[in-house]
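Peer 1: One structure is given below, represented as structure tokens, and several questions about it will come after.
The values are calculated or read from the model by the stated rules, or taken from the named source; none is laboratory data. Predicted, not measured: the structure shown is a model, and the values here were computed from it. Cβ: placed from backbone, ideal geometry, glycine included. Neighbour counts: every protein chain shown.
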Amino acid sequence: MEEMPPNASWFLRKAVAAFYAKRYRLARLLFLVKLLFQPRDYYTLCWYANAQYFSGPTNDHDAERNWRKAIRIDHDNALAHAGLGKMYHSNAMRISEGYRMFPGGSGVMFSDELDSNGPRESGEVRIPGFADAHCANRKVGVRELEFAAELTDDVEDKVALLTMAAQLHCLIDNRSAVSAYKKVLALDSHNEQARFDLAACYAALGRKRQAVEQYKALAELNAELAPQLRDVLSRYGVAAPR
């Protein structure tokens, strides 16, 4: 959900064009130059953070700082919250997949996540865990994505943001994921991925009837996906009709 401010300057348009051309190093330089003259320009800060993020994971913390700076300038604008949430989502999903086969599974990598509600009580110091050190705190990702969804009126963007939040809920707790996917389907009842994932969540929770209901709904939307979902459900002892 990239936004261009109204009456954007030629310089900013040039920087954005470099970003879309995947010339991220040039884009970062151009955005930085503009920030030297307008350090509190919300949109330029967001675009600068985007360029930093797309330049590679070594820049994630710099991107995070700039998105958070933009949020302090304009807390009720969705763009920075969405960028921050998407980064946390991407990193959390990558870690979850990459460490799945390790002893204890990928859950170990998230076991010491810091509280997502901001600073803790005065005097209490906690060392960031693995997920926090890699900008992959699932709870932070959920918070930012869901808040960005509240702030946007575009239904397509809202669905995309809530879907990413639901995927993070799946990594935390299937019960909260069920509620999250229901929010997605309330906006887009034909969302195949949401139907698929919701069926899997129901199966993991032992709610076989609801899992089969979602399977049938998905089969009507996309018969080619039905066998794949049927295989997933069978792992949880759910027999879906053919």
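Peer 1: Quick one: in region 185-241, which of the residues that are basic (K, R) and closer than 21 Å to D173 by Cα is surrounded by the most Cβ atoms within 10 Å (Cβ to Cβ)? Before you say what the answer is, go through the steps one by one.
Peer 2: So the first thing to find is which residues in region 185-241 are basic (K, R), and the list is 195, 207-209, 216, 230, 235.
Still in the running and closer than 21 Å to D173 by Cα: 195, 207-209, 235.
Details: R195: 26, R207: 18, K208: 16, R209: 8, R235: 10.
Looking at residues that are basic (K, R) and closer than 21 Å to D173 by Cα, I get R195.
Peer 1: From Y20, Y48, Y53, Y43, which residue is under 25 Å from L162 (Cα atoms) and either outside the structural domain of G83 (by TED's automatic domain parsing) or in contact with a Pro (Cβ under 6 Å, 6 or more places away or on another chain) (or both)?
Peer 2: Numbers: Y20 fails: either outside the structural domain of G83 (by TED's automatic domain parsing) or in contact with a Pro (Cβ under 6 Å, 6 or more places away or on another chain) (or both); Y48 fails: either outside the structural domain of G83 (by TED's automatic domain parsing) or in contact with a Pro (Cβ under 6 Å, 6 or more places away or on another chain) (or both); Y53 fails: either outside the structural domain of G83 (by TED's automatic domain parsing) or in contact with a Pro (Cβ under 6 Å, 6 or more places away or on another chain) (or both).
One residue alone meets the criteria, Y43.
Peer 1: Another question about this same structure. Does R25 meet the test of being surrounded by fewer than 13 Cβ atoms within 10 Å (Cβ to Cβ), over 28 Å from E150 (Cα atoms), among the charged types (D, E, K, R) and assigned by TED's automatic domain parsing to the domain that holds H89?
Peer 2: Working: surrounded by fewer than 13 Cβ atoms within 10 Å (Cβ to Cβ): yes; over 28 Å from E150 (Cα atoms): yes; among the charged types (D, E, K, R): yes; assigned by TED's automatic domain parsing to the domain that holds H89: yes.
Yes, satisfied.
Peer 1: Turning to a different aspect of this structure: Checking F37 against (1) crowded, with 21+ Cβ neighbours inside 10 Å; (2) more than 22 Å from A160 (Cβ to Cβ), which single condition isn't satisfied?
Peer 2: With (1) crowded, with 21+ Cβ neighbours inside 10 Å; (2) more than 22 Å from A160 (Cβ to Cβ) applied to F37, the lone miss is (1).
Peer 1: Now for a separate question. Taking the options T44, T58, name whichever one is free of Cβ contacts under 8 Å to residues at least 12 places away in the same chain and either among the hydrophobic types (A, V, I, L, M, F, W, C) or part of a helix (DSSP H, G or I) (or both).
Peer 2: Numbers: T44 fails: free of Cβ contacts under 8 Å to residues at least 12 places away in the same chain.
On inspection, the qualifying residue turns out to be T58.
Peer 1: I'd like the residue in region 40-72 that is within 21 Å of A8 (Cβ to Cβ) and charged (D, E, K, R) and, out of all such residues, is surrounded by the fewest Cβ atoms within 10 Å (Cβ to Cβ).
Peer 2: The selected residue is R40.
Peer 1: Turning to a different aspect of this structure: Given the residues T44, T58, which is the only one that is among the hydroxyl-bearing types (S, T, Y) and touching a Lys or Arg at 6+ places or on another chain (Cβ under 7 Å)? First the steps, then the outcome.
Peer 2: On the way: T58 fails: touching a Lys or Arg at 6+ places or on another chain (Cβ under 7 Å).
None of the other options fit; the residue is T44.
Peer 1: Going by what's in this entry, would A51 be described as of a type in the set (G, A, S), modelled with pLDDT of 95 or more and either closer than 18 Å to T152 by Cβ or not in a helix (DSSP H, G or I) (or both)? Break it down into steps so the answer makes sense when it comes.
Peer 2: Details: of a type in the set (G, A, S): yes; modelled with pLDDT of 95 or more: yes; either closer than 18 Å to T152 by Cβ or not in a helix (DSSP H, G or I) (or both): no.
The answer is no for A51.
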